[in-house]
Amino acid sequence: MIIAIDGPAAAGKGTLARRLAAEFDYAYLDTGSLYRAVGLGVLRAGGKPDDDVAAAAVSLDLDPALLGDPALREERTGDAASKVAAMPEVRSNLMEFQRNFSIHPPGSKQGAVLDGRDIGTVVCPDADLKLYVTAGAEVRARRRFLELQQRDPATKYEQILADVEARDARDTGRADAPLKPAEDALLLDTTELAIDAVFLRAVDLVKERL
Ligand code: CDP
């Protein structure tokens, strides 16, 4: 069973993916963390996230320590991630790991849940279930703001909203694997739907396919 979950920043993909993986004992891969690790690796080396040679080198030999770095979740890392994510070489360097994870989930699990931007369209076009999770930009920015504010009380909502909107524009506008729902994806709008309701709906959809 391969479950693909795509959608824009802070739509609730990660929470849904994690809960589904726990419910069915499937492996979970947050593919955004791979792009974040590449962005962070470039920043840590003193480079600029729009330097494609530097980003390609980091993505070719990704240091696993970056994936556990607390700075991975910062908004500036998300911003760098969406810049390196527009580079075809970076995307192709990260592809094999993601495909392999979906086909041979670690721990010999019976299924895999992957979340990202292009899972249903490019990484796993034959996924058994494709969900596109979305919500209005202000609702998403509010959620991300509350999350980041716990770590840094100086976080400003207006700044987070601007960051989320800039990232959405970059993710949907790029030529390679842009963010968009797969033709056979089911749309789940979390603007007014609570995460529990989204989760229960998704559980039913997985059971239908089992
Ligand atoms: O958690 P959030 O939704 O803010 O972002 P993320 O899933 O961690 O992804 C960070 C960035 O990586 C996104 O803005 C995308 O540009 C990029 N990404 C991508 O291009 N393809 C994926 N499959 C996953 C993430």
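Read-outs throughout are calculated quantities, based only on the coordinates presented, and are distinct from any laboratory measurement. As the structure is a computational prediction, the values presented were derived from the model and not from experiment. Every residue, glycine as well, gets a Cβ built from its backbone with ideal geometry; the counts of neighbours run over all protein chains shown.
Couple of notes before you dig in:
- Of ALA154, ALA86, ALA17, the one that fluctuates the most in a GNM where the chain has Cα springs shorter than 10 Å: ALA154
- For the stretch 133-156 versus the stretch 39-96, the gap between their alpha-carbon centres in whole angstrom: 22 Å
- Each Lys and Arg adds +1 at its Cβ and each Asp and Glu adds -1 at its Cβ; summed about the Cα centre, the stretch 166-210 shows a dipole of about 160 debye.
- Max mean-square fluctuation residue, GNM over the chain, Cα-Cα springs under 10 Å, options GLU192, GLU158, GLU147: GLU192
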